[in-house]
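The values are calculated or read from the model by the stated rules, or taken from the named source; none is laboratory data. Since the model is a prediction, treat every value here as computed from it, not as a measurement. Glycine also receives a Cβ, built like all others from the backbone with ideal geometry; neighbour counts cover every protein chain displayed. Keep in mind that these areas ignore ligands, DNA and RNA; they rest on the heavy atoms of the full protein, side chains included. Shrake-Rupley method; radii C 1.70, N 1.55, O 1.52, S 1.80 Å.
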Amino acid sequence: MTANKLYDDFLKHYDSLDLLLPDCNGVIRGKRIPASAAEKVFSDGVLFPASVFAVDIRGEPCEKTHLGFETGDADFCCPIIPDSLVPVPWAKNRAQVLLSMRDDKDEAFNCNPREILNSVNQRLNNDGYFPKIAVELEFFLFSQDFVQQPKPPINPVTKNPETSSQVYYMDDLDAYQDLIDAIGTACEAQNIDAEAAVSECAPGQFEINLKYSGNILKACDDAILLKRVIKQIARQNGFIASFMAKPYANHSGCGSHVHVSCYDESGNNVFAKSDQHLQSAIAGMQQTMAESMLIYAPHANSYRRFQPDSYVAMNNSWGFNNRTVALRVPVSSEHNLRIEHRIAGADANPYLVVAAILSGMHYGLENSLECDAPIEGNAYEKTQATNPTHWQDALNHFKNSQFIENYFNKDFLSVFTALKQEEMNQFNLAITPLEYEWYLQTI
């Protein structure tokens, strides 16, 4: 569809347009414009500064990324992604569209996480590998009346605060059916391929699964936009929704499990061709996991998920039909043989998470790597923790990684390192209430 036709169709139905550009943390930045200002956007794009990818989790620009004042905080053209134009169901007569970014040479801006994923996927395609993925996102519902610490939601049926952990509990799905139905309706309106809802392992915790897809960019667009849908619909229903990795100390955290399979040009499952292909893909993911941890766990709170006996692996172990490992090969048919990557938190950027997983898979396949033996039984008892479990350790692995530089790019490596180091520095300036409780009068 031409830009003019797309604009004409937009004018028939909408009064305003949300322009969306997810940043390095997966936070959606952008602007809202009236329909009268949209024609130029559809034909020529809109200008945003490159520093939108240098904004930290607080919304503050990080000058150490060298994307701000050092470049004059220069604007670049951001064309729309035409297939992403969809209605905004929670607003009257409003649409939304995702943007890309072009640099001053009219090339894809190389610090845009979506473009990084695209380049990694193209690299696989050029070598005859065609991945398919499915993303699963866990989230919490909270009461809207909390001040500092989150409070579990009030059950719509019992009118009592949630207290129990009822995994796969159908009564919870029934109690929150209005919310879940509204999320489903919004997903249909926005062409988000959501598939299933599950009650998870903590009070007010749920999971929504996205459908398996060979359209890697669309699958991750869906993951980003699903978060926006869930947050907005939750707010309309009197809740706060959060994808924070570990909001409760004594309950499970929120993960983002990614299922990945790989096919050749004829549509044959590469993993099913021989055990070597499957094991090489696993070995690549294993050997690059430590270097990729800053992507899988990008925030201070992310590392609180990594606790023994919490269905979050502490290392790069793998196994068949085993949820205590990092890389699980689920029960499946030969055509659907796949790996479930279980490390990333729901707080991570889906574009970067999938890019890291696919890069590890490609690295293993191209180098015919050998993995270790699969774990049978409880991996927590049979293995040692080997992944970085502290933010600074993960950053050190990341910033020195030739693998990340090779599969992502040197500029992104520098920008993401600077961004996360600055967030870490600011986080470490804070003095917690627990420090006052323990030390102020005791020492």
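Observations
- Within the accessible area of the chain (1.4 Å probe), percent carbon and sulfur: 48
- Largest accessible area first, the listed residues I404, I80 line up as I80, I404 when surface is computed with a 1.4 Å probe on the assembled protein chains.
- The modelled label-to-label distance between D411 and Y439, using points 7 Å beyond Cα along the C-beta direction, is 4.2 nm.
- Solvent exposure of region 81-191 as accessible area per residue, Å², 1.4 Å probe: 50
- Region 233-323: trypsin sites (Lys or Arg not before Pro) in DSSP loop, at most 14 other beta carbons within 10 Å: R323
- Expressed in Å, the radius of gyration and Dmax of the Cα atoms of the chain are 21.9, 71.
- ³J(HN,Hα) computed for each position of region 29-44 - Karplus, 6.51 cos²θ - 1.76 cosθ + 1.60, integer Hz, glycine/proline x: 9, x, 8, 10, 10, x, 4, 5, 9, 8, 4, 5, 5, 5, 8, 10
- Residues N396 and I431, FRET efficiency given R0 of 25 Å [Cβ-Cβ distance, rounded to 0.05]: 0.55
- Spin-label zone in region 181-222 - amide nitrogen under 12 Å from a point set 7 Å from the Cα of T158 along the C-beta vector: 203-204
- Within the listed set Q236, Q205, Q96, the Gaussian network model of the chain (springs between alpha-carbon atoms below 10 Å) gives the highest mean-square fluctuation for Q236.
- Whole-Hz Karplus values for region 68-84 come out as x, 4, 4, 9, x, 6, 5, 7, 10, 6, 10, x, 6, 9, x, 5, 8 Hz, taken residue by residue from phi with 6.51 cos²θ - 1.76 cosθ + 1.60 and θ = phi - 60°; glycine and proline positions read x.
- Here the 3J(HN,Hα) profile of region 13-21, calculated from phi with Karplus coefficients 6.51, -1.76 and 1.60 at θ = phi - 60°, is 10, 10, 9, 8, 9, 8, 9, 10, 9 Hz, Gly and Pro shown as x.
- Taking amide H as placed 1.01 Å from N in the peptide plane, A202 has its amide H under 5 Å from the amide H of Q166, each at least 5 places away in sequence or on another chain.
- Shape category assigned to region 304-443 from the gyration tensor of Cα positions, a/c cut at 1.5: oblate
- Shape call, region 321-388: gyration tensor on alpha carbons, a/c limit 1.5: rounded
- DSSP-assigned coil residues among GluC sites (Glu not before Pro) in region 255-341, each with at most 12 further Cβ atoms within 10 Å: E265, E334
- 10 Å-binned pair-distance histogram of region 105-146 (Cα, whole percent): 20, 30, 24, 16, 10, 1
- Accessible area in square angstrom per residue, region 209-288, 1.4 angstrom probe: 35
- The chain, relative contact order in percent, only Cα pairs under 8 angstrom and at least six apart counted: 16
- Rounded, prolate or oblate (a/c below 1.5 giving rounded, otherwise prolate when a/b exceeds b/c) for region 288-327 by Cα gyration tensor: oblate
- Other-chain or far-sequence residues with amide H under 5 Å of S256's (modelled H): A344, G345, A346
- Considering only alpha-carbon pairs that sit under 8 angstrom and 6 or more positions apart, the relative contact order computed for region 19-89 is 28 percent.
- Across region 82-219, the relative contact order, built from alpha-carbon pairs under 8 Å that are at least six residues apart, equals 27 percent.
- Taking amide hydrogens as placed 1.01 Å from N in the peptide plane, the amide H of C77 sits under 5 Å from those of R102, each at least 5 positions away in sequence or on another chain.
- Extension gain, Q149 back to Y311 (0.36 nm per residue minus Cα-Cα distance, nm): 55.9 nm
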